[in-house]
Every structure is written in C-alpha cells, then in structure tokens.
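Throughout, read-outs are computed from the coordinates displayed, never taken from laboratory work. Since the model is a prediction, treat every value here as computed from it, not as a measurement. All Cβ positions, glycine included, derive from the backbone under ideal geometry; neighbour counts span all protein chains shown.
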Amino acid sequence: MKPLTQKQHIIDGAILGAAYGVFARFVFGRGVLENFFEVMSCAFIIGVPIALGFITVWFTDYRRTNRWGVWIVAPWLASVTCLVCALALVWEGLICVILLLPIEQLQSINSQVRTVQTQIKIHASPQIVWDQIKSVRFISEKEQSFSFTHMIGFPQPLDAKLVGQRVGAVRLATFEKGVLFIETINEWDEPHRLSFSIRADTKDIPPTTFDEHVIIGGKYFDVLNGTYSIEDIGNGDVILHLSSSQRLSTRFNFYSHF
C-alpha cells in the first residue's frame, strides 16, 4: 500500500476536525446538560475551535511535515467545512456563522449596554431632514442599498409611521419579514432632536426571521433606544447623527459588540 501523500494527510485531518466540530455543535445545541453545554459560551466559541484545530493538525501528521503553513491553514479548512455543514443543516444563521468564524457556564452571563453611533452629511435644512426622519415613507427595493447587517440576516427597513406629534407619541417602524418595532417618543425637540425607547413586537415576529441566538428581546440581545440629532453646520448643510443602545448578555460581550 502506498503511503499517504501530504495532500491526503491534510484532507484527512480537515475531515476529522470538521467532523468533531459538527459533533460538538450538535451536543452544545441540543440542550443536554445546558448548564455546561451552551453555544453562547466561551467553552464553545473558544474551546471547540482550539480542539478542532488540534485534531486537524495532529492527523495531518505534523511530526513529519514540520511545516508551519500547514499547521495554520489546515484548521481553517476544517472550520469552514464545519460552518458550511451548520448552515446546510440549518443549525445556524449566517450572522452566527460570522460570529463563530474566528475561532462558561462557570461564570454568570454579564449584561452590558452598548451604544452604536453613525452620522451622515446632508445638503438640506434641519426642517426638511426632520420631516424625513420623524416618519419614513415606504422604501422601495431599488432604494435599498447594500448593508452588512442585511447580508448576515437582519431584515431591511420598510417604513416608519408616526402616531402623534409630541412626547408620548408612538412611531411604528416596520422591517422585512414581519418585524415591527414600537418606538415611544421620549424627547421631541423639533427640528433638532428626536429620541425614543424601542420595543420589538416579538409576538408577531415569525420564529424563522432571526437566528435563535440573536432574537431581539431575547436572552442574548435587545435594542433599547434610539436618538436622531440634527446638527446645522451652515451653508445649507446638516449632519444627521443616529445613536442606538443595545443590550448584550453573553459570556464574550467584548467580541459580540463588534
């Protein structure tokens, strides 16, 4: 029998590593002894990739190859294969696959509130911008631009309807796939600042809309509030600022934040 070639060693190692990864995802996702086996844990996010990499390198016959490049790249093949299998088996949504790419129940889940900010310069008066943000007409498909969040599974916004014109009014923001956010106005300073608390209408969101690990208002993630601020910079231009706060409740918030 011919000895295995280097390429065959790499393929065998990648297959065995990927098989371990799929098995681990099955065990961590079945709810068996969930106090010890949970997908949203460092044991899975960090521990499983390390074990997967070790298995892959070990079975590529590292003692003979002695090539650092193989040791580094071979686990990537196993990891990508494992993630593709998780997608194919509908165990993960794309957003969670991206979360798991880089790579305890012994500690409690740490909840943190993170604020995300963005801004855009607009050639218009503050009043015109205000009228466009307090309520939003239907956004057609051709007006939708590419966004990373949409690519990984979050629905696109469709419209926002304002009921009332003061503090206490309600803004109903509708997204694709039946997602509705109920936004209660808590600051109304026309045409400068608009703030609102946010509550997802979870009872009417289809269960297949979001991956189980990023359900809005769920165990790991929630959207809390948002603020529009219109800054007049002269010459007919304004800067529209948007900030929103979200709750993260994972064992690796430092990473989930990104």
Here, K219 and Q112, labelled 7 Å along Cα→Cβ, have an inter-label distance in nm of 2.1
Using 1/(1 + (r/R0)^6) with R0 = 35 angstrom and r between the beta carbons of I139 and V84, what's the FRET efficiency to the nearest 0.05?
0.60
Fewest first, what order do W76, W188, W130 take by the number of other Cβ atoms within 10 Å?
W76, W188, W130
Neighbour-count order for K134, K219, fewest beta carbons within 10 angstrom listed first
K219, K134
Among K203, K177, what is the fewest-to-most ranking by other Cβ atoms within 10 Å?
K203, K177
Points 7 angstrom from Cα along the Cβ direction at D189 and A51: gap in nanometres?
5.3
Can you pull the percent of Cα pairs in the range 110-256 with separation above 29 Å?
18
